[in-house]
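The values are calculated or read from the model by the stated rules, or taken from the named source; none is laboratory data. Quantities reported herein were computed from a predicted structural model and do not represent experimental measurements. Glycine gets a Cβ as well: all are built from the backbone with ideal geometry, and neighbour counts include every protein chain shown.
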Amino acid sequence: MIDRPVLPDATWFKSSYSATQDACVEVAMVPGVVGVRDTKDRDGGTLVFNSAAWAGFLTQVKNS
C-alpha cells in the first residue's frame, strides 16, 4: 500500500458483479496506482495500491 495517497481527479466505478449498488467497493485507476474505497463510506478512507500489487491481486482472484 502507498501511504496517504491523493486521488483528486480519479473516476470511480463499481463492480458489475455487485448484487446491490450500495453493498460494494469502488475502484479508481490513475497512472501508477489503484484506489479502493467503500461505496457506503466514501469519506472513510481509501486503500491505494501500486499497479504491480493490484495486478497480483487480480491474478489471485481470477485463479481462485
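May I ask you to list the residues in segment 46-64 that are over 16 Å from Pro31 (Cα atoms) and surrounded by fewer than 13 Cβ atoms within 10 Å (Cβ to Cβ)?
Result: Gly56, Leu58, Thr59, Gln60, Val61, Lys62, Asn63, Ser64.
List every residue pair whose Cβ atoms sit under 8 Å apart, with the two residues 6 or more apart in sequence or on different chains, where the first one lies in segment 44-64 and is part of a strand (DSSP E or B) and the second, anywhere, is surrounded by 13 or more Cβ atoms within 10 Å (Cβ to Cβ) and aromatic (Phe, Trp, Tyr).
Phe49/Phe57
Yes/no matrix, rows are residues, columns are (1) of a type in the set (D, E, K, R); (2) modelled with pLDDT of 90 or more; (3) at negative phi:
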{"site": "Pro8", "(1), (2), (3)": "no, no, yes"}
{"site": "Thr20", "(1), (2), (3)": "no, no, yes"}
{"site": "Asp43", "(1), (2), (3)": "yes, no, yes"}
{"site": "Trp54", "(1), (2), (3)": "no, yes, yes"}
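Just for segment 26-43: of the residues that are assigned to a strand (DSSP E or B) and charged (D, E, K, R), which one is surrounded by the fewest Cβ atoms within 10 Å (Cβ to Cβ)?
My answer is Asp38.
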